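S.K.: Before we start, here is the structure in question, set down as structure tokens.
Values quoted throughout were computed directly from the atomic coordinates according to the rules given, and no laboratory measurement underlies them. In this text the structure is predicted, and so the values were computed from the model without any measurement. Heads up, the Cβs are rebuilt from the backbone with ideal geometry, glycines too, and the neighbour counts pull from every protein chain shown.
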Amino acid sequence: MFVASIGNVFGGDTVSTKGTYALAIGSMGLRGVGSELEFSESRHFFDDSSPGGRGKLLTLMANVMVTVPVGPTRPYGVVGLGFIRQRRETSTEGILENISDKDIGYDVGGGVIYKFASAVGVRADLRHFKVRKSNGLSFNRFLVGVVLGGA
């Protein structure tokens, strides 16, 4: 399956709600257990007045999904591990410096997929992300997307 989604990040270390998008590819195996590889980007994740100035957040997560097929509606749970990269831009004496911080993080959440046909549907997804460090970045994300392919 292929999923293209848009939505918002909120809560945790976000100062305000920020727009985001995600692209995912995955497949479902036997008994409703499958996997997914997802990339997402949140531009302007950091407030312009915060230390480090404006910046964006990138995630690349490998997830395990467990679905419960109930007709065309498929609720699911997801847990994953991957990379969370913070990229900030700061200005020092007129010189633009790029500062990036990348680390391993996890996500956990769930949602529902509704299939209109065997290869087309929509999905709503809510996840919590956390960088593995005790003081690491933490935030929530809600997405709505189009699902193409089997799920």
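S.K.: Whole-Hz ³J(HN,Hα) for each residue in the stretch 66-72, computed from phi via Karplus 6.51 cos²θ - 1.76 cosθ + 1.60 with θ = phi - 60°, x for glycine and proline: what do you get?
M.R.: Once rounded to whole Hz, the list reads 10, 10, 10, x, 10, x, x.
S.K.: Would you please give the residues with an amide H less than 5 Å from that of Leu137, counting only those at least 5 places away or on a separate chain, with H modeled from the backbone geometry?
M.R.: Val131
S.K.: While we're on this one: How large is ³J(HN,Hα), in whole Hz, for each residue of the stretch 79-85 in order, when computed from phi with the Karplus curve 6.51 cos²θ - 1.76 cosθ + 1.60 and θ = phi - 60°, using x for Gly and Pro?
M.R.: Per residue, the Karplus-derived 3J(HN,Hα) values read 9, x, 9, x, 9, 10, 10 Hz.
S.K.: Next question. Hey, can you grab everything whose amide H is under 5 Å from the amide H of Thr20? Only 5+ residues off in sequence or another chain; H modelled, so Pro and N-termini drop out.
M.R.: Counting only residues 5 or more places away or on other chains, the set is Gly7, Asn8, Val9.
S.K.: Tell me, what HN-Hα J-couplings in whole Hz come from the Karplus equation 6.51 cos²θ - 1.76 cosθ + 1.60 at θ = phi - 60° for each residue of the stretch 15-32, using x for Gly and Pro?
M.R.: 6, 8, 5, 10, x, 8, 9, 8, 10, 9, 10, x, 8, 9, x, 5, 6, x
S.K.: While we're here: Report the residues of the stretch 1-22 in range of a label on Arg43: point 7 Å along Cα→C-beta, backbone N strictly under 17 Å from it.
M.R.: 5-9, 17-22, by backbone N distance to the label point.
S.K.: Quote the FRET efficiency, to the nearest 0.05, computed for Ala62 versus Phe116 with a Förster distance R0 of 22 Å and r equal to the Cβ-Cβ distance.
M.R.: After rounding to 0.05, the efficiency reads 0.20.
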